[in-house]
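Undergrad: Encoded as structure tokens, here's the structure I'll be asking about.
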Amino acid sequence: MKTICSFCNMVIIQGSLPDDPVSHGVCNSCYTKIMTEHGFNLQKYLNILDAPVFLVDEDVNVLAANTLASALVKKPLEKTRGKLCGIVLECINAFLPEGCGKTKDCPDCTIRNSVNETYKNGTQITRRPATITRKNGVSDAKTEHLLISTRKDNGIVLLRLEFSAAG
């Protein structure tokens, strides 16, 4: 994945292939300028990004999300903050008595494992295939395919989710 600065368009990380998908970040120069000269509005920055993204902590709690992520999960932003990602995405395991991250299936969760790997090693994950079984109404469930991308910036992981047609 190629990463470019959202403000000056400088390439921060060169992709390995010419047609690599583009992610956004902030170069050191723009980061310093934003923080010292302009102040910083995190929500405004997240909404500049052209994909659904969540900022998550190492327990996969949602710290912030952009409006595309809010639309993806069909919840207002204030209903996502402070919630575990499994609850926000309505993973069926999150609603079991053990809860998100604690069921017998959670050790195999691609979202949780990708976030944990990125926190632990700083490894950037690019479009890793995943499946999630989501609540679909009161008693139904629907399996969906996703592509997971993660990147660690200043101790926070940016989690990008793309729903895909097939796994």
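The values are calculated or read from the model by the stated rules, or taken from the named source; none is laboratory data. All figures in this text were calculated on a predicted structure; none of them were measured in a lab. In this analysis, Cβ positions are derived from the backbone assuming ideal geometry, glycine residues included, and neighbour counts consider all displayed protein chains. These area figures cover heavy atoms from the full protein model, side chains too; ligands, DNA and RNA do not enter into them. Shrake-Rupley method; radii C 1.70, N 1.55, O 1.52, S 1.80 Å.
Undergrad: In degrees from 0 to 90, rounded to the nearest 10, what is the angle of the helix 110-121 Cα long axis to the longest principal axis of the chain?
TA: Helix 110-121 sits at roughly 40 degrees to that axis.
Undergrad: Okay, next question. Convert each backbone phi in the range 5-17 into a coupling constant with the Karplus relation 6.51 cos²θ - 1.76 cosθ + 1.60 (shift: θ = phi - 60°), then list the ³J(HN,Hα) values in order as whole Hz, x for Gly and Pro.
TA: Whole-Hz 3J(HN,Hα) from phi for the range 5-17: 6, 5, 9, 10, 6, 5, 6, 8, 10, 6, x, 7, 10.
Undergrad: Another question, if that's okay. Starting from the Cα of residue 22, step 7 Å toward the Cβ, then list every residue of the range 46-76 with an amide N under 11 Å from that point.
TA: Label zone hits: 50.
Undergrad: Which entry in (1) 58; (2) 50; (3) 39 is this structure's computed percent of Cα pairs over 23 Å apart?
TA: This structure yields the entry labelled (3).
Undergrad: Assign unit charges at the C-beta atoms only (+1 for Lys and Arg, -1 for Asp and Glu), then state the dipole size of the chain relative to its Cα centre in Debye, rounded to the nearest 20.
TA: 200
Undergrad: Under 15 Å from the Cβ of residue 149, count the other residues' Cβ atoms, weight Lys and Arg +1, Asp and Glu -1, and hand me the total.
TA: That sum, taken over residues with Cβ under 15 Å, equals +2.
Undergrad: Report the one residue of 43, 6, 16 whose Cα lies farthest in the direction of the positive end of the charge dipole of the chain (charges on C-beta: Lys and Arg +1, Asp and Glu -1; origin at the Cα centre).
TA: 43
Undergrad: So which residue, out of 114, 149, 139, gets the largest mean-square fluctuation from a GNM of the chain using Cα contacts under 10 Å as springs?
TA: Comparing 114, 149, 139 in a Gaussian network model of the chain, the most mobile one is 139.
Undergrad: For the chain, modelled as a Gaussian network with Cα springs under 10 Å, which listed residue fluctuates most, 78, 58, 117?
TA: 78
Undergrad: Can you tell me the accessible area per residue over the chain, all protein chains present, probe 1.4 angstrom, in square angstrom?
TA: Using a 1.4 Å probe on heavy atoms only, each residue of the chain averages 56 Å².
Undergrad: Do the sum for the chain: with -39,500 (n - 2.57) for every DSSP H run of n ≥ 4, divided by all residues, what is the mean residue ellipticity at 222 nm, to the nearest 500 deg cm²/dmol?
TA: -5500 deg cm²/dmol
Undergrad: State, as an integer percentage, the relative contact order of the chain based on alpha-carbon contacts under 8 Å between residues 6 or more apart.
TA: 16
Undergrad: Another question, then. On the accessible surface of the chain, probed at 1.4 Å, how many percent belong to carbon and sulfur atoms?
TA: 52
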